[in-house]
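The structure appears below as structure tokens.
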Amino acid sequence: MTVEVSEHERSTDGRTSLQLPPLLHTPEAAAERLQCGRTMIYELMRTGEIESVKVGRLRRIPDSSLVEYVERLRVANAA
């Protein structure tokens, strides 16, 4: 099996490094990932529907929280 490696994944010394998805998202990045508005993300954080953590003075949203939120939506819509 051959894996294609793009130029941005290749370091300056020629070794390859895989780009891992971020563990934490800014509210704007979370909104983009869920394809919704930033205001909705802040509302979901306020109501506790998605978890957020403080990193210094900043609010960040764990990727797992977004995945869990989508799963809860899927279960609720299937019922």
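Below are the figures for this structure:
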item	result
Residue 48 vs. criteria modelled with pLDDT under 95 and at positive phi	no
Residues of the range 63-74 classified as without any contact (Cβ under 8 Å) to a residue 40 or more places away in the chain and touching a helix residue (DSSP H, G or I) at 6+ places or on another chain (Cβ under 9 Å), total	3
Every residue from the range 26-79 that is assigned to a strand (DSSP E or B) and touching a Pro at 6+ places or on another chain (Cβ under 8 Å)	53, 59, 61
Close pairs (8 angstrom Cβ cut-off, 6 or more residues apart or separate chains): at pLDDT 95 or above in the range 28-42, in a loop (DSSP other than H, G, I, E, B) and of a type in the set (A, V, I, L, M, F, W, C) anywhere	30/50; 41/50
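The values are calculated or read from the model by the stated rules, or taken from the named source; none is laboratory data. Every value quoted in this text rests on a predicted model; they were computed, and no experiment measured them. Glycine also receives a Cβ, built like all others from the backbone with ideal geometry; neighbour counts cover every protein chain displayed.
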